[in-house]
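**Q** I'd like to ask you about the structure that follows.
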Amino acid sequence: MHLAPRTDSRETTIDTLTLRTGFEIELLAPAGSDRRDLADALADRCGGSVRRAFHTDSEPSAVPGVGVFRHLSPAFDVVDAAGAPVARLVDDITIEADLAGTRTPPGHRGWYRVLCDDARLLRIVERQVDPDAALPDVLEPVAALVGTAVEVLGGAARVNDAAGATVAVAMPLPGGRERPCEVVTPPLVRDHGAVLDALLTPARDLGFTVPVEAAVHLHVDGAPFRTPAAFANLVRLFGHWREPLRAALGTNPACRRLGALPADLVDLVDRGATPTWDELRRAARGTGITKYADVNLTQLVVDRPLRDTVEVRVLPGTLDAADVVRRAALVERLLRRCLDGRPVPPPGADAAHDPVGAVAALPGT
């Protein structure tokens with residue numbers, strides 16, 4: 001990745017990270033702009049190019065009998081001149097407050113979403129469709145696969161199977177949904193601050209802002225935490241230290257899809273038993289563990305992780321690389337403490353009146 005870093009005096013204030021870390025930074029394009037504009041700016045800066053892609057997400061359904069709609073939305077992969085990944089820019093459906101009252105018409109730039117009510121079907125659909133195809137044509141390969149034809153209905157397209165059951169629908173992107181822009185980096189192994197600064201500087205220059213519900217997510221390699229002691233310490237840290245940790249990191253209270261770890265999971269690691277890793281992960285799966293928590297531990301306990309990481313989700317949104325790395329450095333210290341064989345202790349009385357100091361002074365960090 002060869003984005004030129006900014007060279008002003010603030011560069012020297014950026015902390016150093018040592019863990020291989022991926023970042024997800026939630027931004028908002030100004031009215032009249034979109035995440036493609038930022039993708040083009042990043043590609044110009046590194047002499048690279050932009051490739052259209054699809055991003056998978058889900059949202060509650062208003063259709064009776066359908067709990068969740070899963071969809072593919074426009075995403076943009078930026079690669080450098082050698083074809084190495086620089087960043088992926090995607091929608092984030094948790095960003096809503098800043099879009100209230102938007103007058104942007106649906107179908108910005110001809111963009112659309114592909115919707116499906118079954119995760120397995122959507123994975124098949126994604127393998128068939130071309131992200132560069134126009135809305136009326138995008139589902140043609142799906143129709144060929146199931147032996148039917150695409151129906152175009154008032155600006156939308158639909159494919160039903162031979163029995164009349166809907167397989168997928170393509171609909172114009174809702175107005176305003178071109179503006180949310182989650183910047184997803186590849187795993188970074190060095191120069192974290194400089195690389196992030198080179199991604200965020202063009203965003204600031206284009207007038208991107210930090211949305212109301214914004215967060216920054218960190219992904220670190222999951223393998224070191226796939227032991228009973230390390231996993232238990234992660235649960236103790238984000239379970240018992242939840243409020244002091246959120247205070248120390250400055251978690252955004254408007255951020256959505258956060259939450260405490262299940263009480264049953266915390267109880268599981270506090271029992272003092274010494275299960276094997278397989279026993280512990282199977283028991284953890286039965287506690288209601290979910291990705292929508294302050295820390296996403298789901299990929300540690302599944303048989304086939306899609307992204308083999310621990311995801312820390314409680315950093316606040318920002319457009320400043322130094323802010324991101326400063327908070328990430330604290331998280332890194334705490335994660336390294338979780339790899340220590342000694343149990344992470346519960347917070348003391350000082351955590352209530354000085355949560356930041358208590359977290360910084362957590363024994364063993």
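**Q** Is it true that VAL295 is surrounded by 15 or more Cβ atoms within 10 Å (Cβ to Cβ), in contact with a Lys or Arg (Cβ under 8 Å, 6 or more places away or on another chain) and closer than 22 Å to PRO363 by Cα?
**A** In short, yes.
**Q** OK, next. Any idea which of PHE69, PHE54 is modelled with pLDDT under 95, in the same structural domain as THR166 (by the TED database) and under 26 Å from THR166 (Cα atoms)?
**A** None of the other options fit; the residue is PHE69.
**Q** Right, something else. Name the single residue, out of those in the stretch 13-45 being among the basic types (Lys, Arg) and within 22 Å of ALA215 (Cβ to Cβ), that is surrounded by the fewest Cβ atoms within 10 Å (Cβ to Cβ).
**A** In this case the residue turns out to be ARG20.
**Q** For the stretch 338-365, how many residues meet the condition of being farther than 26 Å from ALA194 by Cβ and assigned to a helix (DSSP H, G or I)?
**A** Result for the stretch 338-365: 10.
**Q** Also: Can you pull out the residues in the stretch 125-136 that are loosely packed, with under 15 Cβ neighbours inside 10 Å and either in contact with a Cys (Cβ under 6 Å, 6 or more places away or on another chain) or assigned to a loop (DSSP other than H, G, I, E, B) (or both)?
**A** Within the stretch 125-136, ASP130, ASP132, ALA134, PRO136 meet the criteria.
**Q** OK, next. Looking at (1) in contact (Cβ under 8 Å) with a residue 24 or more places away in the chain; (2) over 30 Å from ASN252 (Cα atoms); (3) open to solvent by less than 60 Å² (accessible area, probe 1.4 Å); (4) in a loop (DSSP other than H, G, I, E, B), find the lone condition where THR102 falls short.
**A** (2)
**Q** From (1) assigned to a helix (DSSP H, G or I); (2) more than 21 Å from the chain's Cα centre (by Cα), pick out the condition that doesn't hold for LEU122.
**A** (2)
**Q** Separate question: In the list LEU335, LEU265, which residue meets the criterion of being open to solvent by less than 40 Å² (accessible area, probe 1.4 Å), in a helix (DSSP H, G or I) and without any contact (Cβ under 8 Å) to a residue 60 or more places away in the chain?
**A** The unique qualifying residue is LEU265.
**Q** Moving to a separate point now. Of all the residues that make up the stretch 288-298, how many are within 16 Å of VAL184 (Cβ to Cβ) and at pLDDT 95 or above?
**A** Qualifying residue count for the region: 1.
**Q** If you check every pair at least six apart or on different chains, which have Cβ atoms under 8 Å apart with a residue in the stretch 289-303 that is farther than 17 Å from ARG226 by Cβ first and a residue that is open to solvent by 30 Å² or more (accessible area, probe 1.4 Å) and not in a loop (DSSP other than H, G, I, E, B) second?
**A** These pairs meet every condition: ASP294/ARG242; ASP294/ARG246.
**Q** How many residues are under 29 Å from the mean Cα position of the chain (by Cα), open to solvent by 20 Å² or more (accessible area, probe 1.4 Å), farther than 30 Å from ARG20 by Cα and of a type in the set (A, V, I, L, M) when one looks only at the stretch 157-190?
**A** Final tally of qualifying residues: 2.
The values are calculated or read from the model by the stated rules, or taken from the named source; none is laboratory data. Because the structure is predicted, anything quoted here is derived from the model rather than measured. So basically every Cβ, Gly included, is an ideal-geometry build from the backbone, and we count neighbours across all protein chains shown. Note: accessible area is taken over every heavy atom of the protein model, side chains too, but ligands, DNA and RNA are not part of it. Shrake-Rupley method; radii C 1.70, N 1.55, O 1.52, S 1.80 Å.
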